[in-house]
Amino acid sequence: QIGNEEYDEPMSKITAKRHLKKLEKVLRKQGLKDVELIGDARVPIIQTKRHETPTWWCYCCDINVSDPHGALASEVVRWYVEQEQDKQDRVRALVLTLKEWLAHTGMHNAKVGYLFTYGWVICVVCFLQTRPVPILPAFGSEHSGP
């Protein structure tokens, strides 16, 4: 929920821009300098830039408040990270390594035809589900999904 508005359907572009402007101010007050509101995009977002030195906020990301599916996608990713049977953290490590490689090669930009980050994460999940000895369960297996 954002303010008093239920977050179960896409909000208007004007409302999304208003919420993102407030969030941008909060992020800047918290010391994030590389924050940019892209309000004229088809889906307004806040974009953060990748820092050269590791910090708690060293990966770039896009923040979207217009579409409720982003929250569901985050829950799916979180569920898969928690499902790794032997808890060796391979899912998180492989996703972070892939994101670093994608940034290095320039293939992390969905605006120019590559997959969104979520699409790449689902590729990792599929890869880990289809190993000779699966690392992650499939939906519908003895482990139920989110």
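What follows is calculated from the coordinates using simple rules that are stated; it is not laboratory data. Please read these numbers as outputs of a predicted model, since none were measured by experiment. Positions of Cβ are generated from backbone atoms using ideal geometry, with glycine treated the same way; all protein chains shown enter the neighbour counts.
In nanometres, what is the gap between the two model label sites at residue 115 and residue 22, each 7 Å from Cα along Cα-to-Cβ?
3.5
So what J values fall out for region 14-26 if you push phi through Karplus, 6.51 cos²θ - 1.76 cosθ + 1.60 with θ = phi - 60°, rounded to Hz, Gly and Pro as x?
Once rounded to whole Hz, the list reads 5, 5, 4, 4, 4, 5, 5, 4, 4, 5, 4, 4, 4.
Starting from the 7 Å offset along Cα-to-Cβ, what nm value, one decimal, do you get for the label separation of residue 133 and residue 82?
2.6
Grab the Cα-Cα distance for residue 14 and residue 36, subtract it from 0.36 nm times how many residues apart they are, and report the gain in nm with one decimal.
Difference between extended and current length: 6.2 nm.
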